[in-house]
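Below is one structure; the comments refer to it alone.
The values are calculated or read from the model by the stated rules, or taken from the named source; none is laboratory data. From a predicted model like this one, the values you see are computed outputs, not experimental measurements. Quick reminder, even Gly has a Cβ in these numbers, built from the backbone with ideal geometry, and neighbours come from all protein chains shown. Please note that ligands, DNA and RNA were not included when accessible areas were found on the heavy atoms of the full protein model with its side chains. Shrake-Rupley method; radii C 1.70, N 1.55, O 1.52, S 1.80 Å.
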Amino acid sequence: QLQLVESGGGLVQAGDSLRLSCAASGRTFSFYNMAWFRQAPGKEREFIAAERWSGGRTSYADSVKGRFTISRDNAKNTADLQMNGLKPEDTAVYYCAADYTNWGNRKSDYRYWGQGTQVTVSS
């Protein structure tokens, strides 16, 4: 089993930046594809960004492209999401996810999930 724990959420103002971190344990993290999703109240969980386990290939949702950056540090077993230019519509619970085989933008692509961290952006 791979365990994932998110941190770094909080309350910020529009235009601010925030960096979320996902700490992995239990398996060899470097072999897993990683992703970030978010879920706002009353809405479906949506894809934000993903990074393949090797080669540095990344993918982003159009809503965050140019503002958010996904990265990973395999030596530290962490995956981060740098969020710049935050907007009130970015308010949501943010989840990191991982899978050994799949890499995509669907919830079903990922087997392992963290418990989520709340991000609130005030206007």
Tell me which of Trp36, Ala79, Ser25 sits at the most positive position along the dipole axis of the stretch 13-80, charges placed on C-beta atoms (Lys, Arg +1; Asp, Glu -1).
Ser25
What dipole magnitude, in Debye to the nearest 20, does the chain give about its Cα centre under +1 on Lys/Arg Cβ and -1 on Asp/Glu Cβ?
220 debye
Extending each Cα 7 Å along its Cβ direction at Asn102 and Ala14, get the distance between those two points in nm, one decimal.
3.6 nm
For Arg45 and Ala23, compute 0.36 nm times the residue count separating them, minus their Cα-Cα distance, and round to one decimal in nm.
5.9 nm
Once phi is turned into ³J(HN,Hα) by the Karplus curve 6.51 cos²θ - 1.76 cosθ + 1.60 with θ = phi - 60°, what whole-Hz value does each residue of the stretch 4-21 show in order, with x for glycine and proline?
10, 9, 8, 8, x, x, x, 9, 9, 9, 4, x, 6, 10, 8, 10, 9, 10
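Give me the percent of accessible area attributable to carbon and sulfur for the chain, probe 1.4 angstrom.
C and S fraction of accessible area: 45 percent.
Whole number in Å², please: accessible area per residue of the stretch 68-123, 1.4 Å probe, ligands, DNA and RNA not counted.
I get 48 Å² per residue for the stretch 68-123.
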